[in-house]
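The values are calculated or read from the model by the stated rules, or taken from the named source; none is laboratory data. Just so you know, these numbers come straight off a predicted model, no measurement behind them. Note: ideal-geometry Cβ built from the backbone for every residue, glycine included; neighbour counts use all protein chains shown. Note: areas computed on protein heavy atoms with side chains; ligands, DNA, RNA excluded. Shrake-Rupley method; radii C 1.70, N 1.55, O 1.52, S 1.80 Å.
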Amino acid sequence: MPRIALATYDPADGPARDADLPELVRELREAGADAESRFWDAPDADWASYDLVVIRSTWDYAWRTAEFADWVDRVEAATRLLNPAEVIHWNCDKRYVGDLAAAGVRTVPTRYIAPGSPADLPTAHEYVIKPASGAGARYAARYTPAEHDTAVRHLARLHAEDLTAMVQPYMRAVDTGGERALQFFGGRLLHASRKGAVLTPGTAYDAPRTPHPGLEPWQPSEAELAVAEAALAAVPGGPDRLLYARVDLVDGEDGLPVLMELELVEPNLFLFLHPGSLPEVAREIIAAAS
């Protein structure tokens, strides 16, 4: 009976946002595993006592990146961690988008503005600013060229927190065709979903927002699968190291899919939308623990 921990975040006094977690723990137990969820920052957790620790919903890590990076290394030194530490460290810094582009993957064009660099912002099209270390649209906003001064203040806030900013053209197809999330587990496509636009005009970068508006099941096209598979093939060490991955895609100006993000740290699996995927996820986790 493998002993498995699913690492999550501590919601403190608020409700837990990971709707999949209780069902996944139950499914693992019914399949014969000794499984439980644990807060990743629990001071009394004995990670070495588990055969496998799976990072599931450590959704506060972006506010505590150094602490989280430390924890990742400690857990991997004590037991098996998935996804592995090298992948987690690479994926926590969204400069990986540049790595994927250099490897020939179709990506949203991205520039990076580090602290101390000039605020070189687009003057001819709408664009998005977000931190290179972040999750859940944290500190992200879209701007028109006329909103330059507001965008500069956004950059200053990121730089004050020692965060490098990403600047990308706003992909207008998000407003019509949505953003597609292709979920892979155990090296195979598990399911796919589509959601609407998260960033709305005029919304401040620090305003609360709905992370997955209008979420619905989706059947990916061959073109979408090709971009996703190219992105996974470019992961350091190769895709065979991954237990899970989510590839977020949107249509480019030419109507063909491009990668927006590759989520390898703690992607929402949307099992509540695809309950038929639950047994397969449990099987893959138990196989990895064995």
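Give the residues of region 113-150 that are within 15 Å of Pro201 (Cα to Cα) and among the hydroxyl-bearing types (Ser, Thr, Tyr), sorted by residue number.
Tyr127, Tyr139, Tyr143, Thr144, Thr150
Checking Thr79 against (1) closer than 26 Å to Leu225 by Cβ; (2) in contact with a Ser or Thr (Cβ under 9 Å, 6 or more places away or on another chain); (3) open to solvent by 20 Å² or more (accessible area, probe 1.4 Å), only one condition comes out false. Which one?
Among (1) closer than 26 Å to Leu225 by Cβ; (2) in contact with a Ser or Thr (Cβ under 9 Å, 6 or more places away or on another chain); (3) open to solvent by 20 Å² or more (accessible area, probe 1.4 Å), the lone unmet condition for Thr79 is (1).
State which residue is modelled with the highest pLDDT when the search covers only region 92-110 and only residues that are charged (D, E, K, R) and part of a loop (DSSP other than H, G, I, E, B).
Start the filter on region 92-110 by keeping residues that are charged (D, E, K, R), which leaves 93-95, 99, 106.
With the extra rule that they be part of a loop (DSSP other than H, G, I, E, B), the set shrinks to 93-95, 106.
On the way: Asp93: 93, Lys94: 93, Arg95: 94, Arg106: 98.
Only one residue fits best here, namely Arg106.
Considering only region 48-70, state which residues are of a type in the set (Asp, Glu) and in a helix (DSSP H, G or I). Before the answer, list the steps.
Here is the first cut: in region 48-70, the residues of a type in the set (Asp, Glu) are 51, 60, 67, 70.
Glu67, Asp70, listed by residue number.
Pull out all pairs, ordered by first then second residue, where Cβ-Cβ is under 6 Å, the residues are six or more apart or on different chains, the first lies in region 87-101 and is buried (at least 17 other Cβ atoms within 10 Å of the Cβ), and the second is of a type in the set (Gly, Ala, Ser) and in a helix (DSSP H, G or I).
The qualifying pairs are Leu100/Ala231.
Residue-by-condition table, conditions (1) among the hydrophobic types (A, V, I, L, M, F, W, C); (2) in contact with a helix residue (DSSP H, G or I) (Cβ under 9 Å, 6 or more places away or on another chain); (3) at pLDDT 95 or above; (4) in a helix (DSSP H, G or I):
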residue: Glu229; (1), (2), (3), (4): no, yes, yes, yes
residue: Val247; (1), (2), (3), (4): yes, yes, yes, no
residue: Asp254; (1), (2), (3), (4): no, no, no, no
residue: Phe270; (1), (2), (3), (4): yes, yes, yes, no
residue: Pro279; (1), (2), (3), (4): no, yes, yes, yes
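Which of (1) at pLDDT below 95; (2) closer than 16 Å to Val128 by Cα does Val167 not meet, given it meets every other one?
(1)
Listed here are the residues, each with its yes/no results for (1) closer than 20 Å to Leu243 by Cβ; (2) among the hydrophobic types (A, V, I, L, M, F, W, C); (3) under 17 Å from the mean Cα position of the chain (by Cα).
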position: Val53; (1), (2), (3): yes, yes, no
position: Trp63; (1), (2), (3): no, yes, yes
position: Ala69; (1), (2), (3): yes, yes, yes
position: Ile88; (1), (2), (3): yes, yes, yes
position: Asp93; (1), (2), (3): no, no, yes
position: Val97; (1), (2), (3): no, yes, yes
position: Gly104; (1), (2), (3): no, no, no
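For region 224-279, how many residues meet the condition of being buried (at least 21 other Cβ atoms within 10 Å of the Cβ) and polar (S, T, N, Q)?
The number of residues fulfilling the criteria is 1.
Just name the residue that is most open to solvent (accessible area, probe 1.4 Å) out of those in region 111-127 that are assigned to a strand (DSSP E or B) and hydroxyl-bearing (Ser, Thr, Tyr).
Result: Tyr112.
Counting just the residues of region 231-245 that are assigned to a loop (DSSP other than H, G, I, E, B) and under 15 Å from Gly98 (Cα atoms), which one comes out modelled with the lowest pLDDT? Steps first, please.
Step one: list which residues in region 231-245 are assigned to a loop (DSSP other than H, G, I, E, B), which gives 234-238, 242-243.
Of the ones still in play, those that are also under 15 Å from Gly98 (Cα atoms) are 234-236.
On the way: Ala234: 97, Val235: 97, Pro236: 94.
Here the residue is Pro236.
Spot the failing condition for Ala12; the list is (1) over 17 Å from Pro267 (Cα atoms); (2) aliphatic (A, V, I, L, M); (3) open to solvent by less than 50 Å² (accessible area, probe 1.4 Å), and only one is missed.
Here Ala12 clears every test but (3).
Restricting attention to region 224-252, which residues are of a type in the set (D, E, K, R) and in contact (Cβ under 8 Å) with a residue 40 or more places away in the chain? Explain how you work it out, then say what you get.
First pass over region 224-252, keeping only residues of a type in the set (D, E, K, R): 224, 229, 240-241, 246, 248, 251.
Hits for region 224-252 are Glu224, Asp240, Arg241, Arg246, Asp248, Asp251.
Exactly one of (1) farther than 17 Å from Pro279 by Cα; (2) out of contact with any strand residue (DSSP E or B) (no Cβ under 9 Å at 6 or more places or on another chain); (3) touching a residue at least 24 places away in the same chain (Cβ under 8 Å) is unmet by Ser37. Its number?
For Ser37, the failing item is (2).
Take the residues of region 28-43 that are in a loop (DSSP other than H, G, I, E, B) and more than 13 Å from Trp71 (Cα to Cα): which is least open to solvent (accessible area, probe 1.4 Å)? Even if it seems obvious, please write down each step before you answer.
Restricting attention to region 28-43, the residues satisfying the condition of being in a loop (DSSP other than H, G, I, E, B) are 31-33, 40-43.
Still in the running and more than 13 Å from Trp71 (Cα to Cα): 31-33.
Values: Ala31: 63, Gly32: 34, Ala33: 6 Å².
Selected residue: Ala33.
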